[in-house]
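Novice: Structure below; questions to follow.
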Amino acid sequence: EQQLARLRSGFVASVSHELRTPLAQIRLFLDTLRLKRYASDDQREWLVGHLARETTRLEHLIENVLHFSRLERGAPAPLALARTDLAALVRETVDGFAPLAHSHRAGVECDLTPGLEAEVDPARMRQVLLNLLDNAVKFGPPGQVIRVGVRAVAWRIRIEFCDQGHGIPAAAR
């Protein structure tokens, strides 16, 4: 029972941590809009677009928590598979994450082969990418460059991710 309590406590701490990132971005974009710290209508629209994306990201995080809860009760949610252009999905995710990366003095570079499609759950794939990006920024050195790629390898599509952090210690993997 103590181990289960520790696991649940860790899960709650992890979820709280994950929710802070989009909330911080939403606060940043709202303050920028409220204080009119933008130079043009295009910049204002860019900020509004990012607010919408971060709100969607929060919705997805909450869906993940609900999904986990359903799994714990033995009721798994089905994947929402859809034919997806992976380069477009990666680009959209990276573009939405770029302001947070920039605020941590990190850059994100993409090497994307367009037109590579696969049957994936776009929301879950986006969440995986955001988790990788978020961890790279949080645990990597300032000034690092994070590289994300999508390419064909033999008869498969490979999504590559490379950051300049120390990695996960072998004992914690």
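The values are calculated or read from the model by the stated rules, or taken from the named source; none is laboratory data. As the structure is a prediction and not an experimental result, all values here were calculated from the model. Reconstructed Cβ throughout: ideal geometry from the backbone, glycine too, with neighbour counts over all protein chains shown. Note: accessible area is taken over every heavy atom of the protein model, side chains too, but ligands, DNA and RNA are not part of it. Shrake-Rupley method; radii C 1.70, N 1.55, O 1.52, S 1.80 Å.
Novice: Just for segment 35-80: of the residues that are polar (S, T, N, Q) and at pLDDT 80 or above, which one is surrounded by the fewest Cβ atoms within 10 Å (Cβ to Cβ)? Steps first, please.
Specialist: At the first step, the residues of segment 35-80 found to be polar (S, T, N, Q) are 40, 43, 55-56, 64, 69.
Within this subset, residues satisfying the condition of being at pLDDT 80 or above are 40, 43, 55.
On the way: SER40: 8, GLN43: 13, THR55: 13.
Selected residue: SER40.
Novice: For segment 97-109, state whether one or more residues are part of a helix (DSSP H, G or I), surrounded by 14 or more Cβ atoms within 10 Å (Cβ to Cβ) and free of Cβ contacts under 8 Å to residues at least 24 places away in the same chain.
Specialist: Yes.
Novice: Please determine whether any residue of segment 41-50 is part of a helix (DSSP H, G or I), touching a residue at least 60 places away in the same chain (Cβ under 8 Å) and of a type outside the set (Phe, Trp, Tyr).
Specialist: The answer is no; no qualifying residue exists.
Novice: Sticking with this structure for a sec: Taking only segment 135-157 into account, find how many residues are within 18 Å of the chain's Cα centre (by Cα) and open to solvent by 90 Å² or more (accessible area, probe 1.4 Å).
Specialist: 2
Novice: Right, another one. State all residues of segment 110-149 that are among the hydroxyl-bearing types (Ser, Thr, Tyr) and part of a helix (DSSP H, G or I); if no residue qualifies, say none. Reasoning before the result, please.
Specialist: Narrowing segment 110-149 to residues among the hydroxyl-bearing types (Ser, Thr, Tyr): 113.
Within segment 110-149, no residue meets the criteria.
Novice: Somewhere in segment 82-91, is a residue at pLDDT below 80 and open to solvent by less than 50 Å² (accessible area, probe 1.4 Å)?
Specialist: no
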